[in-house]
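Working notes, beginning with the structure itself.
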Amino acid sequence: MKFLTTLALLAPLVASRSVNVEESLGPRTEKVSYNGYQVYSIRAADKSEAEFIEKRFATYHTEVTSRGFEVAIPPNEVRSFNELGLNARLLSDDLGEQIRRENKAPVYKRWLHKAGHLPDLSWYQTYHPYEDHLQYWDDLAAAFPKNSKKYELGLSYENRTIYAFHLFGDKGEKGNKPIILWHGTVHAREWISTAVIEYWAWQLINGYKTKNKEITKFLDYYDFWLVPFHNPDGFSYTQTTDRMWRKNRLPRSNTTCIGTDLNRNWSFEWGGEPGTGAASTNPCSDTFQGLAPGDTPENIAVSSLSNKLGKSRKGIRSYIDLHSYGQKILTPPGWTCNTSQYPATLPRMLEVAEGFANAVQAFDSRNETYQYGTGCDIEYYSAGNGRDHHYGAYGADHSWTLELDPVTSGQGGFVLPPENIWPVVQEQWAGELWLLNNVWKN
Ligand SMILES: [Zn+2]
């Protein structure tokens, strides 16, 4: 393997920048406790109540799902929350307890790993520290030395390197293959997205090494580009300080609030239509869009690669931005609900999304269902997101946000129990196999 190849094109982006990490953590450096936090799902009665809820909980950790607006309420605010008289359903009576149950010691033993072999699948029984993930990716690449390259795309705000891995077969014309592009760990707390991209990489490498006909065909026909950690600072912060952190860790002037939502910061239709709540201009909000389109170091780094791939001869055939939770496949657009702006190829996009969802459901033995549709139709307005950008700016044929398990906070939300990692990664691979077989031409 050609180790740590830096894309010449991207060289200026890795220029060093000195950062005081203490300072960047902002006012909060002690570990955040969620003991006694209650998670509620709220259904707004009408538009004005929806606006009230959004404003009232703008600085809380929230998630909008198809079943309602989910918010974690601190124990000392539960009474005043109930006095608001909202149509709210209790999903979890102790988020802290869910986080404690999630925190299982790894079964995976790195010291038993044989150099040049694929890592043991016990990796998927628990979650792992950030440094161990970096080692895991190096072990994956070392098991596929002639058919993988590791690239440095640039630095995060806290100077962590953002890596991309290129996986390819022996056959096929270099630079003339349709691109398959995956992004993981965009939102810091969505840990299952990290496991899924790792398992997909493991399956590709294992299939090619064992001469599996189907996988060999895929690696010879497509070029695979994987960015496992779009937001390494945020992910690290969820492990050291705040399990429910979503954004990056970039401070802004004139505010003590930290972080920009990297999935509202992409430049295509950044900000969205006024009054739709597609992104926030409040730096304290979980969906803060930044001060200018694409003004985060992480999106600058990652978009340089996407821009290059978008201009390649066959272009980006399938882009998947892995997220959780909600069990949905979202296609463009999210920035508008005006159907005249819908992609001309939307019927084809939905056909592939349906096939993927069916394949996941067919494999699954837990009776899981996956919805699919445009972001606008089945989720909510969101502007400056990765899928709209990869479709709008780079012309990806299929451009998705894949919201992984579970459906609600009641089933763990972002804190998916570790025993669910293994079934989820396998189900998602069944979906991806279907996709790779069915986007051959478009
Ligand atoms: Zn997300």
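Please verify whether THR401 is surrounded by fewer than 23 Cβ atoms within 10 Å (Cβ to Cβ) and of a type outside the set (Gly, Ala, Ser), treating the condition exactly as stated.
no
Of the residues in region 227-253, how many are out of contact with any Ser or Thr (no Cβ under 7 Å at 6 or more places or on another chain), more than 12 Å from the ligand (Cβ to nearest atom) and assigned to a helix (DSSP H, G or I)?
Looking only at that region, the number is 5.
How about region 374-403: which of its residues are within 17 Å of GLU432 (Cα to Cα) and either in a strand (DSSP E or B) or aromatic (Phe, Trp, Tyr) (or both)?
Those that are within 17 Å of GLU432 (Cα to Cα) and either in a strand (DSSP E or B) or aromatic (Phe, Trp, Tyr) (or both): HIS398, SER399, TRP400, THR401, LEU402, GLU403.
Please pick out the residue among LYS209, LYS217, LYS247 that is without any contact (Cβ under 8 Å) to a residue 24 or more places away in the chain and not polar (S, T, N, Q).
Testing whether each residue is without any contact (Cβ under 8 Å) to a residue 24 or more places away in the chain and not polar (S, T, N, Q) leaves just LYS217.
Anything in region 220-235 that is over 14 Å from SER193 (Cα atoms) and touching an Asp or Glu at 6+ places or on another chain (Cβ under 8 Å)? List them, or say none.
Matches in region 220-235: ASP220, ASP233.
So for region 204-217 (the condition being within 13 Å of the ligand (Cβ to nearest atom), surrounded by fewer than 24 Cβ atoms within 10 Å (Cβ to Cβ) and not small (Gly, Ala, Ser)), does at least one residue qualify?
No, there is no match, as no residue in region 204-217 is within 13 Å of the ligand (Cβ to nearest atom), surrounded by fewer than 24 Cβ atoms within 10 Å (Cβ to Cβ) and not small (Gly, Ala, Ser).
How many residues are buried (at least 17 other Cβ atoms within 10 Å of the Cβ) and farther than 23 Å from GLU190 by Cα if we restrict to region 306-342?
Residues that pass the stated criteria total 7.
Scan region 398-422 for residues that are in contact with a Phe, Trp or Tyr (Cβ under 9 Å, 6 or more places away or on another chain), under 23 Å from ASN103 (Cβ atoms) and away from the ligand (no atom under 16 Å from the Cβ) and report the count.
4
Enumerate the helices (runs of 4 or more DSSP H) found wholly within region 52-151, keeping only those where 2 or more residues are in contact with a His (Cβ under 9 Å, 6 or more places away or on another chain), within 26 Å of ASN231 (Cβ to Cβ) and not small (Gly, Ala, Ser).
Of the helices (runs of 4 or more DSSP H) lying wholly inside region 52-151, those with at least 2 residues that are in contact with a His (Cβ under 9 Å, 6 or more places away or on another chain), within 26 Å of ASN231 (Cβ to Cβ) and not small (Gly, Ala, Ser) span 130-142.
Report yes if ALA278 is buried (at least 21 other Cβ atoms within 10 Å of the Cβ), at pLDDT below 95 and not acidic (Asp, Glu), otherwise no.
yes
Is there a residue being away from the ligand (no atom under 16 Å from the Cβ), within 22 Å of VAL227 (Cβ to Cβ) and without any contact (Cβ under 8 Å) to a residue 60 or more places away in the chain anywhere in region 334-354?
yes
Mind checking which residues of region 378-397 are of a type in the set (D, E, K, R) and within 16 Å of the ligand (Cβ to nearest atom)?
Answer for region 378-397, where residues must be of a type in the set (D, E, K, R) and within 16 Å of the ligand (Cβ to nearest atom): GLU379, ARG387, ASP388.
Out of THR256, THR260, THR185, report the one residue that is buried (at least 24 other Cβ atoms within 10 Å of the Cβ), in contact with a Pro (Cβ under 7 Å, 6 or more places away or on another chain) and touching a residue at least 12 places away in the same chain (Cβ under 8 Å).
When all the criteria are applied, what remains is THR185.
Within region 167-182, can you find the residues that are touching a residue at least 40 places away in the same chain (Cβ under 8 Å) and surrounded by fewer than 19 Cβ atoms within 10 Å (Cβ to Cβ)?
Within region 167-182, ASP170, LYS171, GLY172, GLY175, ASN176 meet the criteria.
Tell me yes or no: at least one residue of region 375-397 is within 15 Å of the chain's Cα centre (by Cα) and over 26 Å from PHE268 (Cβ atoms).
No, region 375-397 contains no residue that is within 15 Å of the chain's Cα centre (by Cα) and over 26 Å from PHE268 (Cβ atoms).
(1) within 16 Å of the ligand (Cβ to nearest atom); (2) over 18 Å from the mean Cα position of the chain (by Cα); (3) not small (Gly, Ala, Ser): which one isn't true of THR260, the others all being true?
(2)
Could you say which residue among ALA58, ALA88, ALA105 is among the small types (Gly, Ala, Ser), farther than 30 Å from ALA164 by Cβ and over 25 Å from the mean Cα position of the chain (by Cα)?
ALA88
Whether any residue in region 1-9 is at pLDDT below 50, more than 20 Å from LYS247 (Cβ to Cβ), surrounded by 16 or more Cβ atoms within 10 Å (Cβ to Cβ) and over 26 Å from the mean Cα position of the chain (by Cα) is what I want to check.
So far as region 1-9 goes, yes, one or more of its residues are at pLDDT below 50, more than 20 Å from LYS247 (Cβ to Cβ), surrounded by 16 or more Cβ atoms within 10 Å (Cβ to Cβ) and over 26 Å from the mean Cα position of the chain (by Cα).
Go through (1) crowded, with 20+ Cβ neighbours inside 10 Å; (2) in the same structural domain as LYS311 (by TED's automatic domain parsing) one by one and return the number of the condition ASN248 breaks.
Only one criterion in (1) crowded, with 20+ Cβ neighbours inside 10 Å; (2) in the same structural domain as LYS311 (by TED's automatic domain parsing) is unmet by ASN248, namely (2).
Restricting to region 295-326, name every residue that is in a loop (DSSP other than H, G, I, E, B) and either within 16 Å of the ligand (Cβ to nearest atom) or of a type outside the set (Lys, Arg) (or both).
ASP295, THR296, SER312, GLY315, TYR325, GLY326
Return a yes/no flag: does region 353-360 have any residue that is of a type in the set (Asp, Glu) and either closer than 26 Å to TYR40 by Cα or crowded, with 23+ Cβ neighbours inside 10 Å (or both).
No, every residue in region 353-360 fails to be of a type in the set (Asp, Glu) and either closer than 26 Å to TYR40 by Cα or crowded, with 23+ Cβ neighbours inside 10 Å (or both).
Count, please, the residues in region 182-199 that happen to be part of a strand (DSSP E or B) and within 13 Å of the ligand (Cβ to nearest atom).
Of the residues in that region, 1 qualify.
For region 281-296, which positions are within 20 Å of the chain's Cα centre (by Cα) and modelled with pLDDT of 95 or more?
PHE288, GLN289, GLY290, PRO293, GLY294, ASP295, THR296
The values are calculated or read from the model by the stated rules, or taken from the named source; none is laboratory data. Keep in mind the model is a prediction, meaning the values are calculated, not measured. Neighbour counts run over all protein chains shown; Cβ positions are idealised from the backbone, glycine included.
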